[in-house]
Structure formats: C-alpha cells, structure tokens
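The values are calculated or read from the model by the stated rules, or taken from the named source; none is laboratory data. Given the structure is predicted, the values throughout are model-derived calculations rather than measurements. Positions of Cβ are generated from backbone atoms using ideal geometry, with glycine treated the same way; all protein chains shown enter the neighbour counts. The accessibility values were calculated without ligands, DNA or RNA, using every heavy atom of the protein model including side chains. Shrake-Rupley method; radii C 1.70, N 1.55, O 1.52, S 1.80 Å.
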Amino acid sequence: MKYNNFSGNLNATVGVFFDSFAKIAISIAVMTGAIHLAPEIVHHQVIPGVCFGLFMLNLAYYLQAKYMTRKTGQSITALPSGLQSSCVFVWLFAVMLPISSRTGNPLLAYHVVLVANFLNAIFFTIVSIILITCKKYIPKTALFSGLAGSAFTWLAVNNLPLLVAHPLSGLLPLFVMLILMFAKYDKNVPLIMLGVIFGTIIALLTNEFTVNNNLINQSIYLHLPQFAGLPLDSNVINYCLQFLPLIIAFAVIDAISAVQTLEEARLSDDKFNPYTSLFISGGISGLSAFFGNPFAMALFFGHSSWKRANATANYSLFNGLIYLLLAFSGVAQLLVAVIPDWVALPVLIIIGLMTTAVSFQALEKDEHILLVIGIIPILIELIYNKLELLAFQHNIEILNDPTIHGMFILSKGAILFSMLITSMLYYVMKRNWGSAFICVIFLLVCSTLGLIHSQSPQLIFFSTMNYFYISLAFILLFIALVTKNARIKI
C-alpha cells in the first residue's frame with residue numbers, strides 16, 4: 001500500500017525545517033558578531049557540520065518510519081527532529097560567549113562546545129534509556145504535564161511576542177492560519193509554505209525586512225563537511241569539567257523531552273521502538289560533533305500535529321535532503337539573507353497549541369488540573385529567563401527581590417520538578433499515599449543534588465525547599481500509616 005500526501009508532507013517539511021533553521025540563522029549572527037568566531041570557520045566548518053548532522057538525523061528517522069510502514073501496512077509519520085532549542089542558546093550565551101570574553105580566544109570556545117555536544121550525547125543516551133526502562137512507573141499525567149508545559153511555553157508563549165512586534169508580517173499570517181484551521185480548510189493546501197511566503201512578501205513591502213545583499217554575494221560556495229577528531233587539549237578539558245554540571249543538566253532535560261515526544265507519537269498510534277529512537281538521537285548528535293556541529297540535536301514536539309496533517313515518512317527525507325544541500329553549499333546564508341527569521345514562528349505557535357490540546361485529550365477530565373499545575377513551573381522558567389537576560393544586559397541584581405527569588409527556585413529544573421510534583425499529586429488524587437510519599441522522596445533527592453531549584457548540580461543539604469519536602473514527606477507518611485491504603489503501588 002502506498003501513502004503519499006503532498007500537502008501534508010510539504011507542511012511538515014517547511015514547519016520542521018524552519019524550526020531548526022531559525023536557530024542556525026541566530027547562531028550565525030551570534031558567533032560571528034558577539035563571539036567573534038572567524039566567518040570562515042562558521043561558514044566552512046560549523047554550518048556544514050550542523051547541516052550534515054541534521055541530514056543524518058532526518059534520514060535515520062525517515063528510514064525508521066519507512067520500515068514501520070512496510071512492517072505494519074499503515075502510514076507512519078516520521079518523528080520530527082532538529083536542533084535542541086535551549087541547548088543552542090545556552091551553548092552560545094552561557095558557554096561560548098563567557099569563554100571568548102574571558103580568554104579572547106573564540107576558537108577555544110568553539111572547541112569546548114564541540115566536546116560538550118559529544119558529552120551531552122553520551123549523558124542523554126544513558127539517562128533516556130533509564131527513563132524508558134522506568135517509564136511504567138511514571139504516571140501518564142507526569143509525562144503529559146512536561147509535554148504540555150514545554151510545548152505551550154517554548155513554542156507558543158515564547159514566540160508570540162515577536163509576532164506581535166511584527167503585526168502585519170507575523171501576527172496577520174498567524175491569524176490567517178488559525179482562521180483556516182478552525183474553519184476546517186481544505187487540507188490539500190500547503191498552508192505553512194504559503195504562510196512563510198505571505199509573511200516574507202509583507203515584510204519586504206512594509207520595509208520591516210530588507211534583503212542582505214552582502215550575504216547573497218558571499219553565499220554560494222562548495223564545501224564538504226569534514227570528519228575530524230575532537231580537540232581534547234588541556235584547556236578544552238578543563239572548561240568542559242567546569243561546565244559539566246550544565247552539560248549533565250541539559251542532557252537530563254533533553255532525555256525527558258524525548259520520552260514525552262515518543263509518548264505523544266504513541267497516542268497517534270505510531271508506536272516506535274523507544275530504544276532505537278533514542279539511540280538514533282544520541283548517537284547521531286554525538287557523531288555530528290566530529291563533523292563540526294557544536295549543538296545537541298533532539299526529537300521535537302508536534303508529531304501529533306503532523307500526523308493529523310497526513311504527513312508520512314517522506315517529509316523527514318525531504319528535510320534531510322534540504323540540509324544536505326545546505327551542508328555542501330552556501331544556501332544557508334542565502335536563506336538568512338532573503339527570509340525574515342520571524343515568518344516561520346506562526347507554525348511553531350500552532351504546533352505548541354495543538355500539542356497542548358492533545359495532552360489534555362490524553363487524560364481523564366479530573367486530571368486536567370494536574371496538567372495545569374505541571375505547566376506553571378515551565379511557564380515561570382520562561383519568565384525568569386527573560387528577566388535574567390534583561391538583568392544581565394543592564395547589570396542589575398534581581399535575586400534580592402523575594403518574588404523573583406521564588407521564580408528562580410521554580411525555574412531551575414522546571415521540567416523535572418513538574419513531572420515529580422504532578423506524579424505526587426496524581427497519587428494523592430488516587431489516595432495512594434505510599435507512592436505519593438516516594439515521589440516526595442525523589443523531589444528531596446533531586447533538590448539535594450541540585451537537579452532542581454539550583455543553578456547547577458551540586459550537593460545542597462540545608463535549604464528551605466529541602467525542609468519543605470521533609471515536612472511534606474512526614475505528612476504523607478503519617479496519612480499512609482493511619483489509613484488502610486498505605487501500599488506503595490506505582
């Protein structure tokens with residue numbers, strides 16, 4: 001049986017492509033501007049390495065989905081994947097920029113993040129395999145609270161203000177898409193492609209965006225990605241050890257997000273082998289470091305949206321081929337020169353909203369309140385990150401304010417905290433006091449290790465949050481002991 005849906009595959013190709021390409025465009029500007037990495041290295045080593053890694057990743061998920069289509073006789077939508085958002089910005093601003101500023105050596109900063117990407121891939125693979133193995137012990141509400149919180153916060157809320165800043169070329173295309181979507185438009189229309197073209201034309205006509213002729217003149221060249229060993233000199237190793245807690249923390253976050261994405265796909269009846277899917281993500285992300293890619297690659301939210309659009313495995317192949325072209329040529333610079341970076345954001349916002357809606361639909365009605373509770377810490381993480389960046393730019397100390405300090409506590413390790421707190425409340429809802437007690441013990445352990453409520457992993461024995469968890473554990477343990485339902489059953 002053949003499955004071919006041109007419109008669905010085109011929409012998915014454009015949507016997933018621009019999700020990663022927007023980060024590539026920003027990274028080019030930051031590395032050549034703020035970090036002062038030589039343009040020759042950025043355009044002839046970094047970008048080819050990033051794009052070749054994305055080609056390998058998309059090709060692997062295409063082959064996986066194609067194999068499942070042949071095996072099951074059903075149309076399978078490939079897992080969406082690309083550059084991990086938070087990793088790109090943290091690697092640029094929290095690792096590369098400080099090293100470059102401190103040492104005056106941007107090449108050293110680049111070498112550090114290359115090794116950091118490789119280490120991140122190793123930790124990601126280990127943690128994700130542990131999570132998959134233990135998934136049967138994790139309530140469904142915990143998985144979907146993180147999924148909904150991340151999709152709603154980072155795809156929808158995070159991107160909406162930039163569109164409002166461009167009401168004609170950004171906000172208008174978004175509402176045109178929403179109108180057509182809510183009115184159940186003809187699905188054979190390549191809506192996302194039209195949205196990008198529509199937004200670009202309006203931006204050019206209103207002078208919100210001008211074509212960068214300098215980039216166009218420098219854009220076409222032929223440069224093959226080159227395999228090379230990792231730069232493991234003493235300076236690089238010392239900085240990697242310094243940033244190791246940060247690397248581990250983001251590996252844990254990426255692993256949790258990957259497990260949630262696989263759960264989203266399972267709800268759409270695309271039951272991928274989780275171990276294969278995670279090995280592909282971690283293995284290719286680590287391998288791409290040898291080709292010059294400094295950024296972690298991961299699974300994306302939004303599988304259910306592309307499944308509803310009738311996308312198949314083919315969109316992942318198309319994406320891979322586009323990135324292969326970008327890896328071998330200067331087309332990446334050409335696209336940056338002629339397409340505004342905000343015109344692809346409407347599709348990310350729609351994916352964020354639809355993924356959040358799917359998360360609610362996956363749960364019982366009385367569990368929806370748990371999903372809302374799980375979204376709150378991740379939303380606060382976004383708000384705090386914006387405040388922290390603003391304070392850094394203006395050299396302002398913000399943690400002295402009790403409210404902002406509270407936001408700091410909730411924002412650090414937000415997705416892990418969200419999963420554990422919703423798990424605890426789920427078991428309370430089911431009057432399973434013993435299991436709720438175990439969840440609080442996990443919260444206490446994570447807080448003590450600095451995995452939550454802390455800037456980076458470290459041992460913290462005496463803190464008010466630890467005292468809170470100890471008190472809460474005693475309350476739950478007391479209830480468990482005085483009730484008949486004291487069993488520990490997860």
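Data overview
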read-out	value
Any hit, the range 322-329, residues being of a type outside the set (S, T, Y), open to solvent by less than 10 Å² (accessible area, probe 1.4 Å), modelled with pLDDT under 95 and within 22 Å of A22 (Cβ to Cβ)	yes
Residue, farthest from the chain's Cα centre (by Cα), within the range 13-50, restricted to residues that are closer than 22 Å to P346 by Cα and hydroxyl-bearing (S, T, Y)	T13
Pair list, Cβ under 8 Å, 6 or more apart: the range 195-211 residue assigned to a loop (DSSP other than H, G, I, E, B), other residue among the aliphatic types (A, V, I, L, M) and modelled with pLDDT under 90	V211/A337; V211/V338
Test result for T422, among the β-branched types (V, I, T), touching a Pro at 6+ places or on another chain (Cβ under 8 Å) and crowded, with 16+ Cβ neighbours inside 10 Å	yes
The lone exception for E263 - which of (1) surrounded by 21 or more Cβ atoms within 10 Å (Cβ to Cβ); (2) in a helix (DSSP H, G or I) it fails	(1)
Which listed residue, of V338, V347, is crowded, with 21+ Cβ neighbours inside 10 Å and either modelled with pLDDT under 90 or under 26 Å from L163 (Cβ atoms) (or both)	V347
Filter result for M56 (open to solvent by less than 50 Å² (accessible area, probe 1.4 Å), under 20 Å from the mean Cα position of the chain (by Cα), modelled with pLDDT of 90 or more and within 30 Å of N273 (Cα to Cα))	yes
Tally of residues being open to solvent by 30 Å² or more (accessible area, probe 1.4 Å) and assigned to a helix (DSSP H, G or I) across the range 381-403	12
